[in-house]
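Heads up: the structure comes next, in structure tokens.
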Amino acid sequence: MEKYVENETIISILQLYGFDEKISEQKSYIHYIGKNKRIKIIFRVTLKSGRMFVIKILRERKDIIKERQKIESQSIFSEFMRSKGIKTPARHSANGKYCNEFIYHRTPCHVTVEDWCGEEIEEITTDIAYQIGELMAQMHILSLDNKCEIGCGTLFSAAYENDVDAYSDFCKICKNRKLDGATVKQIKTLREEKLERIRKEWDTLPKSAVQGDISVNNLVLDTDGLTVFDYNNAGDEVLVSDLILEGLLTAYEMDLPDGVPESYREEIFPAFLKGYLSVRPLSDSERDIAWDIYTLYHGLWFSRVLHRDDCLEALVKKHNYEAANKLLHKMLTDMTESNNGMFAQNA
């Protein structure tokens, strides 16, 4: 059952941000009120005039001051991108800030109001992937040239913690003695070698603020190109890491058009990368480490380990050790793939 925010609450928020119109309807995207005063409510409001806003009421961390500062910095970055021609929805301010305190159900929260920009893309194609690569490169250039910083990390650090790393689960699964121990050992050794090289060069690589989650779920496509929204995961990241991990996420975790075979996914990342490199060629230091990042995370991609019907965990649970060992060999093959100059391309 869809949950709604009380009209009195919406009116109070809109008035805070300088809008005094009657509400026509609301659409809920996320409505979570949990333990320890955790609140995450995201919804769209349509006014009688037809104008639409996305309102967010949030409290997800104990340190409410730091959380508000982070949201404000993310909002400033979003507005900077918009001011430089990146299509992104306008954020509205009150009291000189984009993110304001708001008491919701007697709990201090944060509130933001931004324009609604349309329905998200529902599927990935090579053409869309190319355009996403172009957009990411444009944003990276703007951020790097203007020394943009947000003051927090992202979900996609190839050298350290990230949301596409299932290595600890991989190790647990591979304790099963019916799996090919020699292949598992080679994979583990390769991972350590690649991570060591990545971490050695990490602090020398170009880094700046990034949107941090530029998947189809946060993009709108129309005749004027792509609009990017939702900067809630924006942070400071090594750019080549953001490029590769988000590119792989786009390739392997987004829905394909109906009737398109799974093998088509192998064309998505190259298209994404080609779009990126057509706008921003990598520096020498980025090219030198890009292959290690790519082969490490392509080989040990998290949904190969968890979540899918044909992942390593599922195959072991079904005692299909032949298929599980075949998958392990494929992981090793992808991790040892010879550098084909992919990251030196400049279309």
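The values are calculated or read from the model by the stated rules, or taken from the named source; none is laboratory data. Given the structure is predicted, the values throughout are model-derived calculations rather than measurements. Methodologically, a virtual Cβ is constructed for each residue, glycine included, from the backbone with ideal geometry; neighbour enumeration extends over all protein chains shown. Calculation scope for accessible area: heavy atoms of the full protein, side chains included, ligands and nucleic acids excluded. Shrake-Rupley method; radii C 1.70, N 1.55, O 1.52, S 1.80 Å.
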Selection over the range 1-18 where residues are surrounded by 17 or more Cβ atoms within 10 Å (Cβ to Cβ) and either at pLDDT 95 or above or part of a strand (DSSP E or B) (or both) yields a count of 5
Of the residues in the range 122-137 that are outside any helix (DSSP H, G or I) and under 16 Å from the mean Cα position of the chain (by Cα), the one that is nearest to L273 (Cα to Cα) is I124
Within the range 317-331, the residues that are in a helix (DSSP H, G or I) and open to solvent by 20 Å² or more (accessible area, probe 1.4 Å) are K317, Y321, E322, A323, N325, K326, L327, H329, K330
field: Condition met for K200 (in a helix (DSSP H, G or I), of a type outside the set (V, I, T) and either open to solvent by 60 Å² or more (accessible area, probe 1.4 Å) or under 29 Å from F43 (Cα atoms) (or both))
entry: yes
Being outside any helix (DSSP H, G or I), surrounded by 21 or more Cβ atoms within 10 Å (Cβ to Cβ), β-branched (V, I, T) and at pLDDT below 95, is that true of even one residue in the range 210-221? yes
Those residues of the range 137-172 that are within 21 Å of L195 (Cα to Cα), buried (at least 20 other Cβ atoms within 10 Å of the Cβ) and of a type outside the set (S, T, Y) come to a total of 5
Reported set for the range 227-239 where residues are open to solvent by 20 Å² or more (accessible area, probe 1.4 Å) and either touching a residue at least 60 places away in the same chain (Cβ under 8 Å) or hydroxyl-bearing (S, T, Y) (or both) is F229, N232, N233, D236
Picked from the range 292-315 (must be surrounded by fewer than 20 Cβ atoms within 10 Å (Cβ to Cβ) and of a type in the set (A, V, I, L, M, F, W, C)), the residue farthest from L195 (Cα to Cα) is A314
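Could you go through the range 68-77 and let me know if any residue there is charged (D, E, K, R) and open to solvent by 80 Å² or more (accessible area, probe 1.4 Å).
no
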| Is the range 258-274 home to any residue that is in contact with an Asp or Glu (Cβ under 6 Å, 6 or more places away or on another chain) and touching a residue at least 24 places away in the same chain (Cβ under 8 Å)? | no
Only one of F302, F272 is in contact with a helix residue (DSSP H, G or I) (Cβ under 7 Å, 6 or more places away or on another chain) and of a type outside the set (A, V, I, L, M), namely F272
By residue number, the members of the range 56-88 that are part of a loop (DSSP other than H, G, I, E, B) and either under 23 Å from D222 (Cβ atoms) or hydroxyl-bearing (S, T, Y) (or both) are K84, G85, I86, K87, T88
- Query: Out of curiosity, is D242 closer than 21 Å to Q131 by Cβ, touching a helix residue (DSSP H, G or I) at 6+ places or on another chain (Cβ under 8 Å), open to solvent by less than 50 Å² (accessible area, probe 1.4 Å) and not in a helix (DSSP H, G or I)?
  - Reply: no
TODO: Please indicate, with yes or no, whether at least one residue in the range 42-64 is of a type in the set (F, W, Y), open to solvent by 20 Å² or more (accessible area, probe 1.4 Å) and at pLDDT 95 or above.
DONE: no
Among (1) over 19 Å from the mean Cα position of the chain (by Cα); (2) without any contact (Cβ under 8 Å) to a residue 60 or more places away in the chain, I76 falls short only on (1)
The condition of being farther than 15 Å from C148 by Cβ and of a type outside the set (A, V, I, L, M, F, W, C) holds, among D242, D236, D230, only for D230
inquiry  = With the structure loaded, tell me whether A271 is under 30 Å from W116 (Cβ atoms), in contact with a strand residue (DSSP E or B) (Cβ under 9 Å, 6 or more places away or on another chain), modelled with pLDDT of 95 or more and hydrophobic (A, V, I, L, M, F, W, C) or whether it fails that test.
reply    = no
Scanning the range 245-279 for residues that are more than 20 Å from the chain's Cα centre (by Cα) and either surrounded by 22 or more Cβ atoms within 10 Å (Cβ to Cβ) or closer than 30 Å to E72 by Cα (or both) gives V279
